[in-house]
Amino acid sequence: MSPTAAKQAEQLRLDGNTYFKKGRFAAAIDAYTEAITLCPNVPIYWTNRALGHRKRNNWTRVEEDCRRAIQLDSNSVKAHYMLGLALLQREEYAEGVKELEKALDLGRGANPKGYMVEEIWQELAKAKYMEWEHESTKRSWELQTLKEACETALKEKHLFDSSELEGFLDEIPRSNLEQLEALDRVFRIAAEADLPTDVPDYLCCKITLDIFRDPVIAPSGLTYEREVLLDHLEKVGKFDPITREPLSQSQLVSNLAIKEAVQAFLDEHGWAYKTD
């Protein structure tokens, strides 16, 4: 790649950015395409063009460009993020969520307070919640179908017992009713697993009261949401918001135990991904 080609490609990228900001997405895509033609091994040209395709809802092209960008730079946050969105559009939820999780991990490492970290989390939470909602509806239908089948079987058994034991008819209805009530209790308990409840306090940030996303522990032993605590240190002061002890960013350590506990809770209770 000659210096002249690189310079021309960079100018085309800047032109594309200008078109993009003005909402001229087709022109932006053309400019990025020309930049790619001159310098095909620059990942940002591919992710910029993917963003243009995203604005035009051309998810097939978004996926193609993002895959190429990832080949060039496996740590591209934007490429993994938009690839995840494209896969979700194709209803490939497992792979889409996997890419969003990769983008979130990379984004947190590069810039914990960056706007993309919050945006990625919101999309990931939405995808996870939709996945849970779909599975929950399926489980509810399966439970109801099974319950109805069990009730029918009990009633048929009751009719058979009634014909066989006519001398004990007074006992049979009571026994049948007790069995139906027990059956109802069993299925009610089974259905409760999908009912939203309160998230345990130890899994929630003491400032936001929301479930942790990226928990960090301070020297005080208290755990906070990383982004919220960094914002506090920058805008309010360099001290622990609860104990008021002096505190700096370098003293924060990821709380891996809480992070794993949060993930285990979310895996078991997908409703907790709901953000509104």
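The values are calculated or read from the model by the stated rules, or taken from the named source; none is laboratory data. All figures in this text were calculated on a predicted structure; none of them were measured in a lab. Every residue, glycine as well, gets a Cβ built from its backbone with ideal geometry; the counts of neighbours run over all protein chains shown. Please note that ligands, DNA and RNA were not included when accessible areas were found on the heavy atoms of the full protein model with its side chains. Shrake-Rupley method; radii C 1.70, N 1.55, O 1.52, S 1.80 Å.
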**Prompt:** Of all residues in the range 190-212, which are in a helix (DSSP H, G or I), modelled with pLDDT under 85 and of a type in the set (A, V, I, L, M, F, W, C)?
**Reply:** ALA190, ALA191
**Request:** Could you list all residues from the range 225-244 that are over 22 Å from ASP201 (Cβ atoms) and assigned to a loop (DSSP other than H, G, I, E, B)?
**Result:** VAL236, GLY237, LYS238
**Item:** Unique residue being assigned to a helix (DSSP H, G or I) and either assigned by the TED database to the domain that holds LEU88 or in contact with a Cys (Cβ under 9 Å, 6 or more places away or on another chain) (or both) when the list is GLY23, GLY52
**Value:** GLY52
**Request:** Could you please let me know if LEU180 is in contact with a Leu (Cβ under 8 Å, 6 or more places away or on another chain) and either within 30 Å of LYS157 (Cβ to Cβ) or in a strand (DSSP E or B) (or both)?
**Result:** yes
**Complete:** Of the residues in the range 1-53, those that are surrounded by 17 or more Cβ atoms within 10 Å (Cβ to Cβ) and among the aliphatic types (A, V, I, L, M) number 12
**Complete:** Residue set LEU83, LEU100; condition closer than 27 Å to ASP231 by Cβ and crowded, with 22+ Cβ neighbours inside 10 Å; output residue LEU100
**Item:** Filtered residue count, the range 54-75, keeping only those that are among the aliphatic types (A, V, I, L, M) and open to solvent by less than 30 Å² (accessible area, probe 1.4 Å)
**Value:** 2
**Item:** Failed item in (1) among the aromatic types (Phe, Trp, Tyr); (2) under 30 Å from the mean Cα position of the chain (by Cα); (3) open to solvent by less than 70 Å² (accessible area, probe 1.4 Å), with TYR202 passing the rest
**Value:** (3)
**Asked** Does any residue of the range 55-74 turn out to be closer than 30 Å to GLU234 by Cβ and not assigned by the TED database to the domain that holds GLN263?
**Response** yes
**Message:** Taking the conditions exactly as written (closer than 17 Å to ALA127 by Cβ and in contact with a His (Cβ under 7 Å, 6 or more places away or on another chain)), does ALA86 satisfy them or not?
**Reply:** no
**Request:** State yes or no: is VAL262 buried (at least 16 other Cβ atoms within 10 Å of the Cβ) and at pLDDT 90 or above?
**Result:** yes
